[in-house]
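The values are calculated or read from the model by the stated rules, or taken from the named source; none is laboratory data. Values in this document were obtained by computation on a predicted structure and should not be read as measured data. Reconstructed Cβ throughout: ideal geometry from the backbone, glycine too, with neighbour counts over all protein chains shown. Heavy atoms of the whole protein, side chains included, go into the accessibility calculation; ligands, DNA and RNA do not. Shrake-Rupley method; radii C 1.70, N 1.55, O 1.52, S 1.80 Å.
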Amino acid sequence: MLSIKNLRAKIDNKEILKGLNLNINPGEVHAIMGPNGSGKSTLSNILTGKKGYEIEGEVTFEKEDLLKLEPEERAHKGIFLAFQYPLEIPGVNTNIFLKTSINAIKKARGEKELDAIEFLKLIKKKSADLKFDEKILSRQLNVGFSGGEKKKNEILQMSILNPKLAILDETDSGLDIDALRVVSEGVNTLRNQNNAFLIITHYQRLLDYVIPDYVHVLKNGQIIKSGGPELAKNLEKLGYKDFN
Amino acid sequence: MNSIEKNIDNLKDYKYGFITDIENIRAPKGLNEDTIKFISNIKKEPKWMLDFRIKAFERLKLLKEPNWQKPKFPKIDYQDLYYYSAPKSMDDKPKSLDELDPKLLETYKKLGIPLQEQARLNGIAIDAVFDSVSVATTFKEELIKQGIIFCSMSEAIQKHSELVRKYLGSVIPITDHFYATLNSAVFTDGSFVYIPEGIRCPMELSTYFRINASETGQFERTLIIADKGSYVSYLEGCTAPMRDKNQLHAANVELIALDDAEIKYSTVQNWYPGDKNGKGGIYNFVTKRGLCKGKNSKISWTQVETGSAITWKYPSCILKGDNSVGEFYSIAITNNYQMADTGTKMIHLGKNTRSKIISKGISAGNSDMMYRGLVDISARADNSRNFTQCDSLLMGNKCGAHTIPYIKNKNSKSKIEHEATTSKISDEQLYYCKQRGLNSEEAISLIVNGFCKEVLQQLPMEFAVEAQKLVGISLEGSVG
């Protein structure tokens, strides 16, 4: 599904990714762990098309050159990013944002757009599944949301848009146990043989709820070790220092 | 160049910029007593009207143009302008739309206002003003059955002179200020509305102003009187051809609401804004003032200002009647090199008077936007209240937004609230929207419409959709 070959990325002449390789197949959950500044967020930015990087290497998504596509085109293809810091958009109702988003994607795919009632049904079901307080949806997007509400809102958007590849950028940071459960349930409910997840995290604890197929350690812009779920547990014990 | 600035260059063309090739009757160039007599004569005005104009002209000679405004512009040569220009075909006074010059009908059709079709649709009555004359007014007969007068100003001066004489200049006196006084001397046409006591006007009344001729100033005059317990909703729209030279539009609009009456006045202003380098465009220097004369009366201004090279206006309310209410809802958008200095004045004279100001300014490109507003609560206006909210939204790094509220409270029992915010559409916000599948235009439109929502909701439904589109179009290509 996703293939990254020898990816290098620079910003302001500083090299952040230094030859990263990764393959993700449908049905897989990958976790990327790594110390601060190792290039985790840069990776998610590059996969979703954020501007401002000098990029070398090759990234394909379903055999198509991903780097050539605009951010919205990547979203249309089914790539979703749960932001580490979701943006506030004053004046824009969360419901309206979600409806505009899902219909923009449907339109780009040549599918029938949802009318108000179909959308309402969908959102009611998804919020109930995630035990998400619907009242939040009538508020302005992310404005005055608590940290937990913002992250849960990202997961709600993910479950509504039903992406092929979902990237979670430190979604678990700063969450209490209950919110963490909501996030992991969101992933587990959605997880199937046709989609894939790339979970970027600092901590092992999310991986207790969402069991990954692969764990990778990212350090100095490269994946220095890959393994199964047990690798995350070892990391937690030993710290990143010993992975040189 | 960042992605926001890059796309400012791709601004779409102004789609109302065409010129109608039509033969005109013009007054000779120049501002003098002969010009004023020419206008008065061609309109066959009674003597009192000519006297009114001459008096204003005498006063004008003593006045200087104000120069405290933020947008500066080269001095206007008032002797180098035409003050009257009308299609020659209007000379024969067409009695119905069928007799109207097909070129005029075609013009309005191109502007999206097919007069003949409109005449068959219910819900909106239109007065179409072309340069210096009103060329057609629809639904006049139906309205008159309820005693509602909706006609051109020229016709009102002939047929309803008592009302015009009583109220014209009663809210904006001929001594007011340079541009208002100039208008009093040389105004050509505009709309007149009278709603009789206890009548709720059953349809939207609207005027469509079109400047066509070159080197011509448009000086329209509108007068709306809502008698006791009546209600009217009125909307004006404006466009002009694309020309390299700046053109002056200096209108006066007077509203009078008697006891328990309500006037809702909406403007969708889309005058030619000049090209993307700031060449050409309309100078929109307009005086709009409403008088809540009676108790419990209400005047509400809603404006969507997207056009003009310079917009300079402060639609105001004088809250004279006890318990009267004034409202001002505004969206002003400047792009490229447009400039705006706009806001409102709320003058509280009566007891328990209330006013509300919601202003949303959006600046993009190299433009500059100023909100300037006055809230003045007089000593006897006990228990009066004002709430003001001014929000500015910036797009890109080269535009400006300024807010200057003037607040005068001479009454200790009254209350004034002022809130202001300035924000910027960031590349991060756009990236977030794009990651959710929206393209740049969709993202901008969503963010901007969210920002303006409170004001758009105030527009009559028929126009809200149009205005929403206009907001999108004005900013099209301004962010990437």
key: region B:277-291 residues that are closer than 13 Å to B:Ala340 by Cα and among the hydroxyl-bearing types (Ser, Thr, Tyr), paired with ones that are assigned to a loop (DSSP other than H, G, I, E, B) and at pLDDT 85 or above (beta carbon under 7 Å, 6 or more apart)   = B:Tyr283/B:Phe73; B:Tyr283/B:Ala309
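Residue-wise test of (1) closer than 30 Å to B:Gly396 by Cα; (2) open to solvent by 50 Å² or more (accessible area, probe 1.4 Å); (3) modelled with pLDDT under 85.
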| site | (1), (2), (3) |
| --- | --- |
| B:Glu5 | yes, no, yes |
| B:Lys15 | yes, yes, yes |
| B:Asn41 | no, yes, no |
| B:Leu50 | no, no, no |
| B:Lys64 | no, yes, no |
| B:Lys70 | yes, yes, no |
ask   = How many residues are among the aliphatic types (A, V, I, L, M), touching a residue at least 40 places away in the same chain (Cβ under 8 Å) and open to solvent by less than 20 Å² (accessible area, probe 1.4 Å) if we restrict to region B:364-384?
value = 4
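Quick one: is B:Lys413 more than 9 Å from chain A (Cβ to nearest Cβ), loosely packed, with under 15 Cβ neighbours inside 10 Å, over 31 Å from the mean Cα position of the chain (by Cα) and of a type outside the set (Val, Ile, Thr)? Explain how you work it out, then say what you get.
Details: more than 9 Å from chain A (Cβ to nearest Cβ): yes; loosely packed, with under 15 Cβ neighbours inside 10 Å: yes; over 31 Å from the mean Cα position of the chain (by Cα): yes; of a type outside the set (Val, Ile, Thr): yes.
Spelling it out, B:Lys413 is indeed more than 9 Å from chain A (Cβ to nearest Cβ), loosely packed, with under 15 Cβ neighbours inside 10 Å, over 31 Å from the mean Cα position of the chain (by Cα) and of a type outside the set (Val, Ile, Thr).
Residues of region A:20-29 being open to solvent by 50 Å² or more (accessible area, probe 1.4 Å) and part of a strand (DSSP E or B), which ones? Steps first, answer last, please.
Initial filter on region A:20-29 (open to solvent by 50 Å² or more (accessible area, probe 1.4 Å)): A:21, A:23, A:25-26.
Hits for region A:20-29 are A:Asn21, A:Asn23.
Could you grab me the full set of residues in region B:449-464 that are in a loop (DSSP other than H, G, I, E, B) and touching a strand residue (DSSP E or B) at 6+ places or on another chain (Cβ under 8 Å)? If you could, list the steps in order and put the result at the bottom.
Restricting attention to region B:449-464, the residues satisfying the condition of being in a loop (DSSP other than H, G, I, E, B) are B:457-460.
Those that are in a loop (DSSP other than H, G, I, E, B) and touching a strand residue (DSSP E or B) at 6+ places or on another chain (Cβ under 8 Å): B:Gln458, B:Leu459, B:Pro460.
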ask   = What residue, among those in region B:289-313 that are open to solvent by 10 Å² or more (accessible area, probe 1.4 Å) and at pLDDT 95 or above, is nearest to B:Gln457 (Cα to Cα)?
value = B:Lys298
inquiry  = Can you pull out every residue in region B:355-404 that is closer than 18 Å to B:Trp312 by Cβ and of a type in the set (A, V, I, L, M)?
reply    = B:Ile357, B:Ile362, B:Met369, B:Met370, B:Leu374, B:Ala401, B:Ile404
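Considering only region A:53-67, I want to know if a residue exists there that is among the hydrophobic types (A, V, I, L, M, F, W, C), within 22 Å of B:Ser440 (Cα to Cα), touching a Gly at 6+ places or on another chain (Cβ under 9 Å) and open to solvent by less than 10 Å² (accessible area, probe 1.4 Å).
Initial filter on region A:53-67 (among the hydrophobic types (A, V, I, L, M, F, W, C)): A:55, A:59, A:61, A:66-67.
Within this subset, residues satisfying the condition of being within 22 Å of B:Ser440 (Cα to Cα) are A:66-67.
Filter once more, so that each one left must be touching a Gly at 6+ places or on another chain (Cβ under 9 Å): A:66-67.
Narrowing further to those that are open to solvent by less than 10 Å² (accessible area, probe 1.4 Å): A:66.
Yes, some residue in region A:53-67 is among the hydrophobic types (A, V, I, L, M, F, W, C), within 22 Å of B:Ser440 (Cα to Cα), touching a Gly at 6+ places or on another chain (Cβ under 9 Å) and open to solvent by less than 10 Å² (accessible area, probe 1.4 Å).
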query = Can B:Gly281 be described as out of contact with any Lys or Arg (no Cβ under 7 Å at 6 or more places or on another chain) and crowded, with 24+ Cβ neighbours inside 10 Å?
reply = yes
inquiry  = Show the residue pairs meeting these rules: Cβ distance below 7 Å; 6+ apart or different chains; first residue within region A:180-201 and in a helix (DSSP H, G or I); second residue among the hydroxyl-bearing types (Ser, Thr, Tyr) and open to solvent by 20 Å² or more (accessible area, probe 1.4 Å).
reply    = A:Leu180/A:Tyr209; A:Arg181/A:Tyr209; A:Ser184/A:Tyr209
Breaking point among (1) surrounded by 15 or more Cβ atoms within 10 Å (Cβ to Cβ); (2) within 18 Å of the chain's Cα centre (by Cα); (3) not in a strand (DSSP E or B), for A:Ile211 = (1)
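Pull up region B:339-363, narrow it to residues that are touching a Pro at 6+ places or on another chain (Cβ under 7 Å) and open to solvent by less than 10 Å² (accessible area, probe 1.4 Å), then point me to the one that is nearest to B:Gly290 (Cα to Cα).
The selected residue is B:Thr344.
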task = Within region B:139-187, count every residue that is over 26 Å from B:Cys292 (Cβ atoms), buried (at least 23 other Cβ atoms within 10 Å of the Cβ) and among the β-branched types (Val, Ile, Thr).
result = 1
ask   = Here are some conditions: (1) closer than 27 Å to B:Glu58 by Cβ; (2) within 14 Å of the chain's Cα centre (by Cα); (3) modelled with pLDDT under 90. B:Ala251 meets all but one. Which one does it not meet?
value = (3)
task = Would you tally the residues in region B:437-465 being in contact (Cβ under 8 Å) with a residue 12 or more places away in the chain, within 11 Å of chain A (Cβ to nearest Cβ) and farther than 12 Å from B:Ile331 by Cβ?
result = 6
inquiry  = Looking at the structure I just gave you, is B:Gln468 closer than 27 Å to A:Gln157 by Cβ, more than 12 Å from every other protein chain (Cβ to nearest Cβ) and open to solvent by 10 Å² or more (accessible area, probe 1.4 Å)?
reply    = yes
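If you scan region B:274-301, which residues turn out to be under 18 Å from B:Leu258 (Cα atoms) and of a type in the set (A, V, I, L, M, F, W, C)?
B:Leu291, B:Cys292, B:Ile299, B:Trp301
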note = Scanning region B:188-212 residue by residue, the ones that are surrounded by 24 or more Cβ atoms within 10 Å (Cβ to Cβ), part of a loop (DSSP other than H, G, I, E, B) and not aliphatic (A, V, I, L, M) total 3
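Can you tell me how many residues in region A:167-177 are in contact (Cβ under 8 Å) with a residue 24 or more places away in the chain and not in a loop (DSSP other than H, G, I, E, B)? Even if it seems obvious, please write down each step before you answer.
We begin by selecting, within region A:167-177, every residue in contact (Cβ under 8 Å) with a residue 24 or more places away in the chain; these are A:167-176.
Of the ones still in play, those that are also not in a loop (DSSP other than H, G, I, E, B) are A:167-169.
Matching residues across region A:167-177 total 3.
Go through A:Leu17, A:Leu81 for me and flag whichever is touching a Lys or Arg at 6+ places or on another chain (Cβ under 6 Å), buried (at least 22 other Cβ atoms within 10 Å of the Cβ) and outside any helix (DSSP H, G or I).
Values: A:Leu81 fails: touching a Lys or Arg at 6+ places or on another chain (Cβ under 6 Å).
None of the others qualify; the one that does is A:Leu17.
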